[in-house]
1. Tell me the residue from T45, T82, T6 that is of a type outside the set (D, E, K, R) and farther than 20 Å from I118 by Cα, please.
2. Out of the residues in region 166-209 that are modelled with pLDDT under 90 and over 21 Å from the mean Cα position of the chain (by Cα), which is farthest from E153 (Cα to Cα)?
3. Please go through region 138-159 and pick out each residue that is open to solvent by 50 Å² or more (accessible area, probe 1.4 Å) and either of a type in the set (D, E, K, R) or in contact with a Ser or Thr (Cβ under 6 Å, 6 or more places away or on another chain) (or both).
4. Among the residues of region 158-165, are any at pLDDT below 90 and under 26 Å from V48 (Cα atoms)?
Amino acid sequence: MASAGTVLLVEDEHSIGSLVRAYLEKERYQVIWVHTGEEALAELTRHVIRIVVLDVGLPGMDGFDVCREVRRRSQVPILMLTARDEEVDRVAGLEVGADDYVTKPFSPRELAARIKAILRRAEPQAPADVLTLDSVVVDRSAREVTVEERPVELTAKEFDLLSCLIENAGLVLTRDQLLDLVWGFDFPGGTRTVDVHVASLRRKLGAPDLIRTGRGAGYKATKR
């Protein structure tokens with residue numbers, strides 16, 4: 001069964017973090033659980049995160065500061081958790097960029113429902129079945145690729161990697177992000193796998209400039 005995406009859980013209370021992680025994993029989410037804001041910001045650069053579940057009362061950087069910094073870097077949805085039920089705190093969270101707010105104690109079922117509601121609002125469009133970039137056409141339904149109307153034979157992972165890069169054309173995706181998106185969060189291999197597949201794609205497509213290397217970062221698909 002396919003994953004529902006990766007949740008970054010930022011919660012320093014072990015009992016709450018364990019409960020939330022266990023429930024979300026039953027809902028098919030992959031959960032990265034960290035205990036501080038500093039750890040959360042580091043993980044945000046290493047993985048493709050679908051939503052952040054962020055506690056306000058963290059050691060070091062509090063949740064408001066973390067939310068502000070996450071929002072400065074990314075538009076990833078943020079759901080904040082707090083032990084306080086005062087209007088000023090709820091408003092403060094929304095003003096620094098949170099999408100919703102849940103007050104402790106809460107039921108895991110309510111939390112999961114709120115996550116799904118946020119994602120429905122944030123991701124209203126289904127992915128296109130046909131992707132194009134210059135003369136490259138990727139038909140995801142038929143799993144076929146053509147270059148200048150010439151069929152190109154790709155392996156399953158090469159096809160998935162090309163689709164991912166073209167869908168995010170113009171954006172540099174790190175090797176770790178590509179591993180998560182194409183091979184899965186639990187893939188045991190290293191980032192060298194990405195390099196090998198990119199090299200093969202460049203050769204088969206006959207367009208080495210279509211997939212460019214972001215200096216020290218990863219790869220992006222771009223028009224020639």
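1. Criteria check complete, one pass: T45.
2. Among residues in region 166-209 that are modelled with pLDDT under 90 and over 21 Å from the mean Cα position of the chain (by Cα), the one farthest from E153 (Cα to Cα) is D209.
3. R140, R143, E144, E148, E149, R150, E153, K157
4. no
The values are calculated or read from the model by the stated rules, or taken from the named source; none is laboratory data. These numbers were taken from a predicted model, which means no experiment stands behind them. For neighbour counting, all protein chains shown are included, and Cβ atoms are generated from backbone atoms with ideal geometry for every residue, glycine included. All accessible areas refer to the heavy atoms of the entire protein, side chains included, with ligands and DNA or RNA removed. Shrake-Rupley method; radii C 1.70, N 1.55, O 1.52, S 1.80 Å.
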